[in-house]
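The values are calculated or read from the model by the stated rules, or taken from the named source; none is laboratory data. This structure is a prediction, so every number in the text was calculated from the model and none was measured. Positions of Cβ are generated from backbone atoms using ideal geometry, with glycine treated the same way; all protein chains shown enter the neighbour counts.
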Amino acid sequence: MTPIQGAARLLCTCAAIAVFSNGSSAADATKEVAALQAVDKTWEKSYNAGNADAVANLYDENAVLLPPGAPAVSGRAAIRTFFAKDTT
């Protein structure tokens, strides 16, 4: 086998792996996008209802909120306080 044949075989193998592994990641990506959209809708409904507790519960305990034109807000409790003031 010549070096060019070896390189061609390797290239074909890599291409086959990429093509056949792409289907499962596309399905996973679709599920992930749907999950993100569901959280977005929950956030929007909770915020519009003035439910600061529900909004804050969507954030991690150690999250940092970066509201535009305001200082950073660190931690779920502080985020809850921020949204309690913001939604009233």
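What the table below lists for this structure:
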item: Candidates Ala15, Ala8, Ala29, filtered to the one that is of a type in the set (Gly, Ala, Ser), within 18 Å of the chain's Cα centre (by Cα) and either within 30 Å of Thr81 (Cβ to Cβ) or at pLDDT below 95 (or both); result: Ala29
item: Pairs with Cβ under 9 Å, 6+ apart, first in region 56-71 and closer than 16 Å to Ser46 by Cβ and touching a residue at least 24 places away in the same chain (Cβ under 8 Å), second surrounded by fewer than 15 Cβ atoms within 10 Å (Cβ to Cβ) and hydroxyl-bearing (Ser, Thr, Tyr); result: Ala56/Thr81
item: Cross-chain or 6+ apart pairs with Cβ under 8 Å, region 22-44 first and part of a helix (DSSP H, G or I) and of a type outside the set (S, T, N, Q), then surrounded by 10 or more Cβ atoms within 10 Å (Cβ to Cβ) and modelled with pLDDT of 85 or more; result: Val39/Leu58; Trp43/Val55; Trp43/Leu58
item: Filtered residues of region 48-73 (kept if under 19 Å from the mean Cα position of the chain (by Cα) and not charged (D, E, K, R)); result: Ala54, Val55, Ala56, Asn57, Leu58, Tyr59, Asn62, Ala63, Val64, Leu65, Leu66, Pro67
item: Residues satisfying the stated conditions in region 38-72, i.e. of a type outside the set (Phe, Trp, Tyr), surrounded by 13 or more Cβ atoms within 10 Å (Cβ to Cβ) and more than 14 Å from Ala84 (Cβ to Cβ); result: Thr42, Leu58, Ala63
